[in-house]
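None of the figures in this text is laboratory data; all of them are computed from the coordinates on show. None of these values were measured; they are calculated from a predicted model. Positions of Cβ are generated from backbone atoms using ideal geometry, with glycine treated the same way; all protein chains shown enter the neighbour counts.
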Amino acid sequence: MSEYAVAVDFGKTRLRVALADGQGRTSHVQEVDSRDFTSSADITEAVVKGVEHLRSGFEEPSPIIGIGVGSTGSVDPATGTVLSSGSLPYLRDYDMAAQLSDRLGLPVSVVNDVSAQGLGEAVYGGHGEEDRVAFVNFGTGVGVALVQGRRLDLGAHGSLGLISALPLPPDGRTVNQRAGGKSLAPFVGEDRVEGPECDAACQDAVEAAALVIGFVAGLCDPHSVAVGGGVWLHNAWFREGVKARLHEVLSGQTTGLSVPHVVTARLGDRAGLVGAGHLGLAAGKSPAFGARAVTVRP
């Protein structure tokens, strides 16, 4: 019998639960609006309900062997605890892995949502098996993940890539304030507000995004920089502007840093679920997981 994992993608606006297999495929996707959540218990209940629905589609014994979660916020990789998320105070010290494992009797692996996206893209997005892939997400917020040889690098404390609150020159506004979807909301999409204010905000976002990608390329020296997130995926002016600005800034410099190979994430909006599913399968097959779950370093 084929083995499956439950993939969970939890962000500030939605929570998705899906069935995932070992080929990077997801199905039976369920989605709820997470903007109405007021406590960590709301997250637990939504995931439990989704898992029970997926289990009901199989005869016993269920082929679901584990759960992988990509969650917004800072995650402790040793315990699967969401330590904090600046705009969601109810996420502080939320022991997500333990709560879900206790309720569902399955091993659970939890990482930051951008880390899950980067893992999914690096493993199933057509990149080389030994490639070093930096993933940059321009969504509601901005984050980075690094995958080497299809293994996710979580950093020493699980906080690699949490760059959203870093101030940028020249005025100290943060990465999120300049290139995050929440700040850019009036200026993106079909209902964007046109005019000088829009032009200035868009140009500033392009400049900030090029700066972020340039720093990531310089620090990580990846084979490719895969970029995803709603702002990037749904706005051609942003993609084209950032690539042009990177080429303009880096093509003439003499430091040895070449223009990075920037590609749009091939998995698009599925990357987070695919990466979470990969984690869930790894958790289900790992002898390190016992009755109570902790995360496994993938």
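At least 2 residues being crowded, with 17+ Cβ neighbours inside 10 Å, within 17 Å of the chain's Cα centre (by Cα) and small (Gly, Ala, Ser) is the threshold, and among the strands (runs of 3 or more DSSP E) wholly inside the range 89-157 those reaching it are 142-148. Checked against (1) under 30 Å from Leu106 (Cβ atoms); (2) buried (at least 20 other Cβ atoms within 10 Å of the Cβ); (3) more than 19 Å from the chain's Cα centre (by Cα), Arg270 passes all but condition (3). Collect the residues in the range 12-22 that are surrounded by fewer than 18 Cβ atoms within 10 Å (Cβ to Cβ) and farther than 15 Å from Gly68 by Cβ, keeping them in residue-number order. Result: Thr13, Arg14. Scanning the range 176-232 for residues that are touching a Ser or Thr at 6+ places or on another chain (Cβ under 8 Å) and among the β-branched types (Val, Ile, Thr) yields one hit, Val227. Please find, within the range 37-57, the residue that is surrounded by the fewest Cβ atoms within 10 Å (Cβ to Cβ) out of those that are within 15 Å of Asp95 (Cα to Cα) and among the polar types (S, T, N, Q). Result: Ser39.
Inside the range 201-251, residues that are of a type outside the set (Lys, Arg) and free of Cβ contacts under 8 Å to residues at least 60 places away in the same chain make up a count of 29.
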